[in-house]
């Protein structure tokens with residue numbers, strides 16, 4: 001998912017993390033999300049010269065994802081993804097980025113949990 005975020009968000013990022021993944025990857029994913037969110041906030045700086053908000057919808061395989069993004073500095077995350085599994089592979093589907101961003105995400109799930117999760121990351125990252 002981090003590769004998807006970097007690729008579709010046009011981000012040049014490299015992540016190296018150590019964690020208690022022998023138990024599970026939840027805390028490591030959470031810490032990576034906090035680090036990426038902090039790095040994005042620093043990269044945005046005073047936000048002059050960038051669009052404050054936007055939205056985008058796109059299909060991916062059996063899924064349709066809509067993302068609306070507002071870089072107002074007032075944080076809020078809401079999502080209506082209804083991912084039926086707690087994990088896709090080893091990835092905890094409940095983890096997301098932290099930061100001062102208003103980020104509603106809505107999706108229609110047609111079949112594949114993997115496509116649904118991947119699509120939500122791709123559409124989110126196309127805004128950054």
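The values are calculated or read from the model by the stated rules, or taken from the named source; none is laboratory data. A quick note: this is a predicted structure, and the numbers were derived from the prediction, not measured. Methodologically, a virtual Cβ is constructed for each residue, glycine included, from the backbone with ideal geometry; neighbour enumeration extends over all protein chains shown.
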Within the stretch 70-85, the residues that are in a loop (DSSP other than H, G, I, E, B), surrounded by fewer than 16 Cβ atoms within 10 Å (Cβ to Cβ) and at pLDDT 70 or above are 72, 73, 74, 75
Selection over the stretch 22-35 where residues are surrounded by 14 or more Cβ atoms within 10 Å (Cβ to Cβ) and either in contact (Cβ under 8 Å) with a residue 12 or more places away in the chain or assigned to a loop (DSSP other than H, G, I, E, B) (or both) yields a count of 8
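A quick yes/no check of all residues on (1) surrounded by 13 or more Cβ atoms within 10 Å (Cβ to Cβ); (2) under 26 Å from residue 80 (Cα atoms); (3) touching a strand residue (DSSP E or B) at 6+ places or on another chain (Cβ under 7 Å):
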residue: 19; (1), (2), (3): yes, no, no
residue: 37; (1), (2), (3): yes, yes, no
residue: 40; (1), (2), (3): yes, yes, no
residue: 66; (1), (2), (3): yes, yes, yes
Go through the stretch 1-21 and count every residue that is assigned to a loop (DSSP other than H, G, I, E, B) and at pLDDT 80 or above. 11
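For the stretch 58-69, indicate whether the set of residues that are outside any strand (DSSP E or B) and modelled with pLDDT of 75 or more is non-empty.
yes
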